[in-house]
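Just below is one structure, and these are the notes that go with it.
Quick note: the coordinates plus some simple rules give every number you see, no bench work behind them. Quantities reported herein were computed from a predicted structural model and do not represent experimental measurements. Backbone-built Cβ (ideal geometry, glycine too); neighbour counts: all protein chains shown.
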């Protein structure tokens with residue numbers, strides 16, 4: 001709480017997952033948070049969750065965060081700018097060029113508006129899924145434009161920092177091109193792939209493994225939201241999808257004549273290009289830090305995993321990550337423990353001394 | 001060990017991930033396992049890992065499991081059929097029509113051959129990644145054909161059952177069509193999507209979230225293997241990819257004219273079709289069993305997670321799954337614990353009584 005930058009009050013319009021999560025986090029810092037939503041039941045739920053208080057006569061917020069669907073973002077931002085002539089207004093919509101253009105068209109005072117986009121979310125929406133730590137360690141784009149000074153926009157950076165996010169400055173065009181690539185096109189591709197499963201036989205679906213689950217997980221996203229996002233970032237998404245299609249055509253041609261000259265090479269190059277592309281994504285924690293991953297066999301009975309972790313704790317080792325693999329019917333589970341490489345050898349020796357079986361180690 | 005069906009000896013040709021994992025599991029059942037590999041160092045490593053023994057004069061295996069790349073599967077199967085005239089031979093290649101056709105062309109004695117395909121694997125290959133429980137709970141396709149009787153093929157079903165897998169009978173054509181849909185096409189799509197990242201700016205890549213990571217994870221697969229798999233299942237994969245392309249064209253057209261009549265509807269229908277497709281995939285454990293997922297806040301210091309799990313163990317509750325979310329710099333981690341729904345309410349109450357903070361619960 002000592003490091004809080006924002007003073008407040010902060011007004012949050014839209015008490016869904018993002019708005020409520022921002023509210024929860026700011027309340028933990030002791031900031032006065034005012035919540036508003038077109039739905040009285042949504043705002044009541046968010047207040048009950050501790051994400052802030054209802055608006056009151058004479059509220060005079062320093063900062064307003066608009067957390068509503070992309071389609072209505074510009075309208076609400078314009079209304080807030082007009083209603084609170086001293087406040088800085090930001091939004092969290094996942095597209096940034098379209099709302100800015102719309103605000104300009106509406107004649108809004110964009111010298112007090114700067115868009116932002118926290119790269120965080122959950123599959124489940126609503127205040128009930130809100131988490132104060134939703135933004136911790138996540139990039140938070142602040143999408144500058146030439147109508148506002150850096151100094152005036154500083155409270156949005158403070159907001160991101162107070163919430164534990166990593167502020168990234170980027171103009172609206174670069175932002176939209178970037179998210180088309182890392183978010184909007186992957187959504188379309190996952191949806192198209194999952195759509196192929198609609199008419200599959202139960203037998204075929206029964207063979208699904210982790211690969212299919214991973215590649216299609218985000219296909220469960222809400223159509224209403226994505227119509228808005230893709231509509232607002234259409235040209236750039238279309239451009240990337242067109243390049244994807246060119247590559248796809250090459251694979252289809254190769255597979256239609258698998259013995260033709262160049263077919264094997266075309267397929268190999270496709271997979272190799274994918275290798276090169278995926279290698280560019282930073283690690284789980286958004287950084288290149290490598291951990292040693294030690295897999296330990298754990299009997300499948302209550303208390304065994306706890307005993308393992310107790311002993312790791314007694315050794316003074318902090319786990320960076322933990323994954324438990326557990327198959328139905330199997331008598332053992334496998335706990336994969338990620339630790340900093342410096343402690344790997346000692347930890348393995350100590351665990352083996354205590355009778356644990358190490359099933360594998362990877363860097 | 002009491003439920004072992006196979007008698008053995010079992011000969012395994014190819015001491016990579018699958019061959020070594022089968023060997024490890026059979027050795028746990030006390031079956032005599034003979035290992036062979038073109039690479040002396042690979043077979044030595046697998047023997048050291050406890051996956052079996054080296055071949056010896058006078059070996060007379062009942063069952064031979066060929067675990068080599070798809071390209072050479074038929075050749076090796078034919079050689080094994082000739083070398084061991086009393087043995088039943090199976091293989092584990094991920095395509096089934098092409099090897100059978102090749103064996104027929106080679107004039108091999110297919111009355112002693114039945115292909116199979118365990119739907120299991122890991123991102124890391126080789127004997128060093130082998131695990132006896134690799135097949136537990138996983139589908140294991142036995143790809144029948146009209147050249148062999150069910151009775152003669154029974155030991156392959158015994159093998160699958162001894163390894164804890166779920167045998168599924170399917171003819172070679174149905175098998176190849178099914179894996180094209182659930183495995184081969186997803187691989188191509190993930191690779192094509194990841195390939196788009198090759199020329200992305202570091203800034204754009206820096207915005208990558210879990211969605212991009214999931215959709216592209218399998219793009220790190222080996223080109224050599226996939227050239228073989230896709231080459232051997234080309235027509236069916238091409239057909240599904242062509243249908244994918246038809247849908248993709250519709251999205252691109254809509255995004256190129258986002259304000260045209262029908263564009264929003266085309267996008268909404270694409271996302272909705274993806275929703276419907278992904279909903280058909282059974283849960284993580286290959287069954288529809290739902291677990292309650294309780295998210296508990298855990299201080300980021302050694303021993304805290306252990307304390308939580310100890311207390312859960314003391315309550316006699318068995319965890320079905322455990323995921324730890326931990327962000328760099330955050331002072332708390334979140335442990336998501338999956339339990340059978342019957343214990344959910346009691347567990348939450350008991351944890352709260354002990355001072356744990358529940359961050360969320362989902363079904």
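For the protein assembly as shown, compute Rg over Rh where Rg is the Cα radius of gyration and Rh is the Kirkwood radius from the inverse mean 1/r over Cα pairs. Kindly include the intermediate steps, with their values, before the conclusion.
Working: Rg = 27.8 Å, Rh = 27.8 Å.
Over the Cα atoms of the protein assembly as shown, Rg/Rh equals 1.00.
Once every DSSP H run of n ≥ 4 in chain B is given -39500 (n - 2.57) and the sum is divided by its residues, what mean residue ellipticity at 222 nm do you get, rounded to the nearest 500 deg cm²/dmol?
Estimated from H runs of four or more residues: -13500 deg cm²/dmol.
What are the distances, in nm and sorted shortest first, from the label point of residue B:346 to the label points of the same position in each other copy, with each label point placed 7 Å from Cα along the Cα-to-Cβ direction?
4.1
Cα axis of helix A:344-353 to longest principal axis of chain A: angle in degrees, 0 to 90, nearest 10?
For A:344-353 against chain A, the angle is about 50 degrees.
In bins 10 Å wide, starting from 0, what share of all Cα pairs of region A:7-120 does each bin hold, as a percent?
15, 49, 31, 4
I need the semi-axes of the equivalent ellipsoid of chain A: take the C-alpha gyration tensor, multiply each eigenvalue by 5, square-root it, list largest first in whole angstrom.
Taking √(5λ) for each eigenvalue gives 40, 32, 19 Å, largest first.
Taking 8 Å as the Cα distance limit and 6 or more residues as the minimum spacing, I'd like the relative contact order of region B:177-278 as a percentage.
Taking the mean separation of contacting Cα pairs over the length of region B:177-278, I get 29 percent.
Taking neighbour counts of Cβ atoms within 10 Å as a proxy for exposure, in what order, fewest first, do A:145, A:117 appear?
Final ranking by Cβ density, sparse to dense: A:145, A:117.
Return the Cα extents of region B:177-278 along principal axes one, two and three, sorted largest first, each rounded to a whole Å.
44, 37, 22
Give the order of B:49, A:150 when sorted by the count of other beta carbons within 10 angstrom, beginning with the fewest.
A:150, B:49
Taking only Cα atoms, what is the 0 to 90° angle, nearest 10, from helix B:234-256's long axis to the longest principal axis of chain B?
20 degrees
In square nanometres, what is one fourth of the surface area of the convex hull spanned by the alpha carbons of region A:292-362?
Mean shadow area of the hull around the Cα atoms is 4.3 nm².
Take every residue in peptide A:158-166, count the Cβ atoms of other chains within 10 Å of its Cβ, and give the average of those counts. Can you show the working numbers first?
Working: counts 0, 0, 0, 0, 0, 0, 5, 0, 3.
Mean inter-chain Cβ contacts per residue within 10 Å come to 1.
Would you mind putting A:9-22, B:32-45 in packing order, based on average other-beta-carbon counts within 10 Å, highest first?
Most protected by this proxy first, the peptides run A:9-22, B:32-45.
Taking a point 7 Å out from Cα toward Cβ as the label site, list the nm distances between residue B:357 and the same residue in every other copy, smallest first.
3.9
Run the label-point distances for residue B:60 please: 7 Å along Cα to Cβ, every other copy, nanometres, shortest first.
Between copies, matching label points for residue B:60 lie 9.9 nm apart.
Taking Cα centroids, how far is region B:31-56 from region A:135-203 in Å?
Cα centroid of region B:31-56 versus Cα centroid of region A:135-203: 50 Å apart.
Can you give me the relative contact order of chain B as a percent, contacts being Cα pairs under 8 Å and 6 or more apart?
For chain B, the relative contact order is 12 percent.
Rounded to the nearest 10 degrees, what's the angle between the helix A:223-232 long axis and the longest principal axis of chain A, both from Cα atoms, 0 to 90?
70 degrees
Could you work out which residue, out of B:231, B:277, B:137, moves most in a Gaussian network model of chain B, that is, has the largest mean-square fluctuation with Cα springs under 10 Å?
Highest fluctuation of the listed residues: B:277.
Taking the Cα centre of each part, how many Å lie between region A:59-85 and region B:349-363?
Result: 36 Å between the Cα centres.
For residue A:350 and residue A:48, what does the FRET efficiency come to when R0 = 45 Å and r is the distance between their Cβ atoms, rounded to the nearest 0.05? Mind dumping the intermediate values first?
Numbers: r = 47 Å, r/R0 = 1.04.
In this case the efficiency is close to 0.45.
Restricting to bridges with both residues inside the protein assembly as shown, how much of the DSSP beta-bridge set is antiparallel, in percent to the nearest 5?
50 percent
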